[in-house]
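One structure is given here, and the rest of the page talks about it.
The values are calculated or read from the model by the stated rules, or taken from the named source; none is laboratory data. A quick note: this is a predicted structure, and the numbers were derived from the prediction, not measured. Backbone-built Cβ (ideal geometry, glycine too); neighbour counts: all protein chains shown.
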Amino acid sequence: MHAKIKVLPVIVRSPPTDSLKEASYVLYRWATFTEPYRVKDLDDWRRIPEKVGDVDVVMLFGGFWSVPDPLKAIDKPIVVWSWTHEGTLTMWLWETLSWLRANGIDVPVFINVEHLREYFRALAAYKSIKGCKVLLVLAGNLWFTWGYPGVREALSRRLGLRFVEKDRRYLEEILKDISDEDARNLLEQKGFTCRGVDSEDVLEAFKLYLALKKVLEEEGYSGVGVDCLLKPFYSKAGKPIHPCLAFSLLSDEGIACGCEGDVLSIATMLLLNRFFDEPCFMTNVYPLSIGSVVAKHLGIPVHEFDPKRTILLCHCAYLGVVPPSLATKFHLTE
């Protein structure tokens, strides 16, 4: 469920009586409005920082031509409501925004109402991931850039994410308790067709999905990353198991899944999941000019495409760990 942005409406002078009602209607999916605060004189302006409290955005209604210094003390985004009944910009908008910015008060500029909605939608997505827990199942220290502790610390500080690191042996113990019957029932339920892949390998991949799902649900995780490139899991028969299928299925359930423990991609997908209300996946982007080796490996006839207008999307020799709902066809292959 999405968080909503809490807005403090500041009424300056006497805007049209329907302005606040219109703003509430336009932003009803993304914002809630507190009781409006009315400004009549300089003393009222000086009290605005006291009124901010736990709100996320301060929204100014009504034209004004002076810049009260108290606005500079507000550490929350300041938005100017500036729309007519027809959804067009009011005449005084540009002068007001320019005057505010010239006096050191940064305010966003919206070209239309839809742009304003997208801004609040993004704020709501950002707010909704604060406090989200991300499980990292590791076998040791990650040697990628995103494996440095400082990266996680920065993401925690900036986005409010909580990273919980657990040794892969923790998940391996849970994996032992998942039965072949549970995995077989799930395969039948999903109805995926298998092409050139051993049925036992498919069951093992489903068992890893069930083990991850159990941990994520019971402990309330919103994202997961696994050190899977060089350290796969192993079946009882000693065969390697990678979490690709598990990540595909979990992504369809709104979980941000990062290959190789990529916390940067996990953070990005958490935001995108909540912004678009759609599953997403990670991949690499290659210009054809430097992706020829990858293209050759995948059997892609690069000579048929204009290298100036074409990019190659590829991760671990596939498009990526694609959620089934985003695919026109979904087969299990080796």
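Return the residues of the range 103-129 that are of a type in the set (A, V, I, L, M), under 23 Å from the mean Cα position of the chain (by Cα) and outside any helix (DSSP H, G or I); say none if nothing qualifies.
ILE129
Quick check, is LYS51 modelled with pLDDT of 90 or more, basic (Lys, Arg) and assigned to a strand (DSSP E or B)?
Judged against the criteria, LYS51 is not a match.
Where the second residue is part of a strand (DSSP E or B) and among the charged types (D, E, K, R) and the first is in the same structural domain as LEU135 (by TED's automatic domain parsing) and lies in the range 149-166, which pairs have Cβ atoms under 9 Å and are six or more apart or on separate chains?
Qualifying pairs under 9 Å: ARG152/GLU165; SER156/ARG162; LEU161/LYS133; ARG162/LYS133; PHE163/LYS133; VAL164/LYS133.
Within the bounds of the range 108-124, is there any residue that is modelled with pLDDT of 85 or more, small (Gly, Ala, Ser) and within 18 Å of TYR37 (Cβ to Cβ)?
Within the range 108-124, not a single residue is modelled with pLDDT of 85 or more, small (Gly, Ala, Ser) and within 18 Å of TYR37 (Cβ to Cβ).
Take the residues in the range 126-175 that are out of contact with any helix residue (DSSP H, G or I) (no Cβ under 6 Å at 6 or more places or on another chain) and of a type in the set (Phe, Trp, Tyr); name whichever of them is nearest to GLU204 (Cα to Cα).
TYR170
Considering only residues that are among the small types (Gly, Ala, Ser) and part of a loop (DSSP other than H, G, I, E, B), look in the range 68-101 and name the one that is modelled with the highest pLDDT.
Per the criteria, the residue is SER82.
Please list, ordered by first then second residue, the pairs with beta carbon atoms under 6 Å, 6 or more apart or interchain, first in the range 1-28 and under 13 Å from LEU116 (Cβ atoms), second part of a loop (DSSP other than H, G, I, E, B) and modelled with pLDDT of 90 or more.
Qualifying pairs under 6 Å: ILE5/TRP30; ILE5/ASP56.
Are there any helices (runs of 4 or more DSSP H) wholly within the range 238-329 with 1 or more residues that are more than 19 Å from GLY220 (Cα to Cα) and more than 28 Å from the chain's Cα centre (by Cα), and if so which?
The qualifying helices (runs of 4 or more DSSP H) are 292-298.
Taking the options LEU60, LEU20, name whichever one is in a strand (DSSP E or B), at pLDDT 85 or above and surrounded by 11 or more Cβ atoms within 10 Å (Cβ to Cβ).
Testing whether each residue is in a strand (DSSP E or B), at pLDDT 85 or above and surrounded by 11 or more Cβ atoms within 10 Å (Cβ to Cβ) leaves just LEU60.
In the range 135-174, which residues are in contact with a Phe, Trp or Tyr (Cβ under 7 Å, 6 or more places away or on another chain), in a helix (DSSP H, G or I) and not charged (D, E, K, R)?
The answer is SER156, and nothing else.
Suppose we filter ALA211, ALA183, ALA205 for residues that are touching a Phe, Trp or Tyr at 6+ places or on another chain (Cβ under 6 Å), surrounded by 14 or more Cβ atoms within 10 Å (Cβ to Cβ), not acidic (Asp, Glu) and not in a loop (DSSP other than H, G, I, E, B); which single one remains?
Result: ALA183 is the single residue among ALA211, ALA183, ALA205 that is touching a Phe, Trp or Tyr at 6+ places or on another chain (Cβ under 6 Å), surrounded by 14 or more Cβ atoms within 10 Å (Cβ to Cβ), not acidic (Asp, Glu) and not in a loop (DSSP other than H, G, I, E, B).
So for the range 192-199 (the condition being part of a helix (DSSP H, G or I) and either touching a residue at least 40 places away in the same chain (Cβ under 8 Å) or loosely packed, with under 14 Cβ neighbours inside 10 Å (or both)), does at least one residue qualify?
yes
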